[in-house]
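Some notes on the structure that comes next.
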Amino acid sequence: MMNDRVMEKLGILADAAKYDVSCSSALSKRENKNKGLGNAKGYGICHAFTEDGRCVSLLKILLTNHCIFDCAYCVSRKSNDIKRAAFTVQEVVDLTIGFYRRNYIEGLFLSSGIFDNADYTMERLVRIAKKLRLEQNFNGYIHLKAIPGASDELLKEAGLYADRLSVNVEMPTEQSLKLLAPDKNHLDVIKPMEYLKNEIAGYKEEKKQNFKAPLFAPAGQSTQMVIGATQESDLEILGMADYFYQQMNMKRVYYSGYVPISYDNRLPAIGTPVPMIRENRLYQADWLVRYYGFNVNEIVGFNQPNLDLDIDPKLGWALRNLNQFPVDINTADLELIKRIPGIGYLSAQKIVAARKFKKLLPHDLQKMGIAYSRSKYFLAFTTPFQLQKDLTAIQIKNHILNFQKSKYKNDFSNQLALF
């Protein structure tokens with residue numbers, strides 16, 4: 001049973017953790033062994049989402065909200081007059097095991113403010129993961145924050161016990177970080193990313209040679225950028241994300257719309273809407289780059305540095321490139337089919353597989369679950385729809401906007417309670 005003090009800490013430190021959205025549990029394949037608790041296979045984590053789309057499926061807490069830094073965008077900054085708390089190492093272990101046994105959670109997402117210095121804090125995060133693995137025989141998912149400035153030795157130990165590590169870059173550019181967090185150094189974030197990239201690659205190679213070799217951060221590393229706190233364009237944000245994917249082998253880059261929490265003339269005023277629609281568009285653009293073969297400069301550029309908020313990035317690209325349409329669904333290659341608005345990654349593969357057996361017509365696509373009301377403006381068949389082919393980009397956009405209803409609103413919801 002938890003005492004009142006631990007419950008009070010949980011309320012404070014779970015609430016403080018809601019601003020960090022980089023809590024995916026994908027891609028880890030840690031299996032149960034020695035009759036231990038849980039597993040971290042891809043299907044082992046049951047996600048719950050708030051209505052604004054934030055993942056809160058794991059026990060998501062801070063070790064402490066005490067912090068030596070005074071980052072203007074952070075609710076836990078040292079100058080903020082808030083209630084402070086800190087868990088002991090054993091309290092976090094007991095909470096994780098207790099909640100798991102009661103089927104509240106299936107993994108742990110643990111971040112922290114900086115107690116005294118990076119190593120002091122990182123050492124405690126590692127001790128928690130180590131106790132869970134070795135003393136409690138816990139095989140569930142563990143995501144740890146890799147504290148910028150921590151020693152390589154501690155980062156290496158963290159990777160041996162955690163499924164995923166994340167070093168949050170926080171601000172999209174070095175200039176913004178200097179403006180809002182002058183005590184922090186951009187290189188302190190990049191250095192551990194490079195170290196983890198090399199260690200993850202090294203352990204993967206070792207695993208190929210020796211199947212008994214230990215796992216090292218099997219779900220890779222991720223990072224998060226706060227958007228809307230400063231004036232970066234989507235071109236700058238997506239360019240930075242692309243750098244992380246290409247140079248750091250990042251598994252995911254997360255985008256967190258800034259929640260106004262500070263009376264500071266460097267930041268949007270309290271009451272300014274959280275940019276949730278923009279956050280969603282960035283995720284869509286990110287997905288196009290990672291899975292659909294788009295280049296960042298195809299989605300945004302110097303002539304259009306920001307994404308359209310009223311339409312998704314794939315539709316925006318298609319409307320700017322009508323010369324590539326209509327596409328004959330029965331002859332086009334897979335890469336071009338994936339670029340048609342309304343046709344997703346798996347649907348494109350279904351189309352290519354199905355057309356081996358028959359010539360596809362509109363009703364065939366509708367049976368596949370494709371968003372035909374959107375894709376029809378970009379398709380050609382044996383008897384093409386001449387009216388749709390002759391529409392201008394503005395006309396197509398208006399037709400689609402009149403038909404669809406967006407579920408995204410400029411609001412913010414707290415993460416779901418654990419009880």
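The values are calculated or read from the model by the stated rules, or taken from the named source; none is laboratory data. Everything quoted here is computed from the prediction, not taken from an experiment. Heads up, the Cβs are rebuilt from the backbone with ideal geometry, glycines too, and the neighbour counts pull from every protein chain shown. Keep in mind that these areas ignore ligands, DNA and RNA; they rest on the heavy atoms of the full protein, side chains included. Shrake-Rupley method; radii C 1.70, N 1.55, O 1.52, S 1.80 Å.
In region 160-182, which residues are crowded, with 22+ Cβ neighbours inside 10 Å and assigned to a loop (DSSP other than H, G, I, E, B)?
162, 163, 167, 169, 171, 172
Which one of these is farther than 14 Å from residue 9 by Cα, open to solvent by less than 60 Å² (accessible area, probe 1.4 Å) and modelled with pLDDT of 95 or more: 75, 126?
126
Looking at 114, 142, 147, which one is closer than 24 Å to residue 103 by Cα, touching a residue at least 24 places away in the same chain (Cβ under 8 Å) and among the β-branched types (Val, Ile, Thr)?
On the way: 114 fails: closer than 24 Å to residue 103 by Cα; 147 fails: closer than 24 Å to residue 103 by Cα.
Matching residue, one of 114, 142, 147: 142.
Take the residues in region 191-240 that are assigned to a loop (DSSP other than H, G, I, E, B) and among the hydrophobic types (A, V, I, L, M, F, W, C), then tell me which one is most open to solvent (accessible area, probe 1.4 Å).
The initial filter retains those residues of region 191-240 that are assigned to a loop (DSSP other than H, G, I, E, B), namely 210-220, 228-233.
Retained after the next criterion (residues that are among the hydrophobic types (A, V, I, L, M, F, W, C)): 211, 213, 215-217, 219, 229.
Values: 211: 156, 213: 5, 215: 63, 216: 11, 217: 2, 219: 0, 229: 3 Å².
Checked region 191-240; the qualifying residue most open to solvent (accessible area, probe 1.4 Å) is 211.
Does region 136-149 include one or more residues that are crowded, with 22+ Cβ neighbours inside 10 Å, assigned by TED's automatic domain parsing to the domain that holds residue 89, assigned to a helix (DSSP H, G or I) and not basic (Lys, Arg)?
Checked region 136-149: no residue is crowded, with 22+ Cβ neighbours inside 10 Å, assigned by TED's automatic domain parsing to the domain that holds residue 89, assigned to a helix (DSSP H, G or I) and not basic (Lys, Arg).
Which ones in region 85-100 are buried (at least 16 other Cβ atoms within 10 Å of the Cβ) and either of a type in the set (Lys, Arg) or part of a loop (DSSP other than H, G, I, E, B) (or both)?
Result: 85, 87.
What's the total number of residues in region 317-367 that are closer than 21 Å to residue 286 by Cβ and of a type in the set (S, T, N, Q)?
The total comes to 3.
Which one of these is of a type in the set (Ser, Thr, Tyr) and buried (at least 20 other Cβ atoms within 10 Å of the Cβ): 263, 255, 243, 283?
Working: 263 fails: buried (at least 20 other Cβ atoms within 10 Å of the Cβ); 243 fails: buried (at least 20 other Cβ atoms within 10 Å of the Cβ); 283 fails: buried (at least 20 other Cβ atoms within 10 Å of the Cβ).
From the options 263, 255, 243, 283, the qualifying one is 255.
Suppose we filter region 101-123 for residues that are open to solvent by 50 Å² or more (accessible area, probe 1.4 Å) and modelled with pLDDT of 95 or more; how many remain?
The qualifying residues number 3.
Note down all Cβ pairs under 8 Å where the first residue falls in region 351-364 and is without any contact (Cβ under 8 Å) to a residue 40 or more places away in the chain, the second is among the acidic types (Asp, Glu), and they're at least six residues apart or on different chains.
Filtered contacts from region 351-364: 354/364; 358/364.
Quick check on my filter: what residues within region 192-231 are modelled with pLDDT of 95 or more and among the charged types (D, E, K, R)?
194, 197, 199
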